[in-house]
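Here's the structure we're looking at; comments come further down.
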């Protein structure tokens with residue numbers, strides 16, 4: 001009889017904990033859908049040290065690492081509502097941030113970045129897209 005009451009008291013403690021854990025795991029699974037657009041929304045820094053000399057450009061999240069000093073390191077900041085900022089290099093080596101827009105086509109993996117005035121700044125093929133790595137190939 002003691003064994004049975006011990007079992008009941010143990011189960012009365014464990015069942016609520018198990019149920020709570022199960023419900024929490026179901027709840028968190030609802031919003032874990034990751035899309036290409038949501039992965040792009042980030043600050044991306046050109047990590048040219050990782051490149052092998054081809055036309056592909058490797059970008060890492062801006063907070064990925066402490067990047068070595070560089071005269072110029074391209075940066076894109078893709079925001080929600082297809083707004084973006086990008087770093088530009090002036091003839092006097094000054095770095096300025098410019099505003100623009102971006103659009104990503106999932107069907108052909110093409111990223112188009114436009115200046116504020118609507119002029120296309122870059123057409124890029126997206127070769128790889130992960131939370132910690134973006135590989136682009138210039139198309140224009």
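The values are calculated or read from the model by the stated rules, or taken from the named source; none is laboratory data. Remember, it's a predicted structure, so these values are computed and weren't measured experimentally. As a convention, Cβ positions derive from the backbone with ideal geometry for all residues, glycine included, and neighbour counts pool all protein chains shown.
Observations on the structure shown:
- Residue that is surrounded by the most Cβ atoms within 10 Å (Cβ to Cβ), among those in the stretch 75-104 that are within 16 Å of the chain's Cα centre (by Cα) and more than 11 Å from residue 40 (Cβ to Cβ): 86
- Residues in the stretch 102-123 that are in contact (Cβ under 8 Å) with a residue 60 or more places away in the chain and not in a loop (DSSP other than H, G, I, E, B): 102, 104, 111.
- In the stretch 125-136, the residues that are surrounded by 15 or more Cβ atoms within 10 Å (Cβ to Cβ) and in contact (Cβ under 8 Å) with a residue 24 or more places away in the chain: 126, 129, 133, 134, 135, 136
- Residue among 36, 94, 90, 19 that alone is modelled with pLDDT under 85 and either in contact with a helix residue (DSSP H, G or I) (Cβ under 7 Å, 6 or more places away or on another chain) or under 26 Å from residue 116 (Cβ atoms) (or both): 36
- Screening residue 83 against (1) in contact with a helix residue (DSSP H, G or I) (Cβ under 6 Å, 6 or more places away or on another chain); (2) closer than 18 Å to residue 35 by Cβ leaves a single unmet condition, (1).
- Checklist (1) in contact with a helix residue (DSSP H, G or I) (Cβ under 8 Å, 6 or more places away or on another chain); (2) in a strand (DSSP E or B) applied to residue 76, failing item: (1)
- When the test is whether a residue is over 22 Å from residue 132 (Cβ atoms), in contact with a strand residue (DSSP E or B) (Cβ under 8 Å, 6 or more places away or on another chain) and modelled with pLDDT of 80 or more, residue 83 passes it.
- Within the stretch 53-70, not a single residue is touching a strand residue (DSSP E or B) at 6+ places or on another chain (Cβ under 6 Å), crowded, with 16+ Cβ neighbours inside 10 Å and in a loop (DSSP other than H, G, I, E, B).
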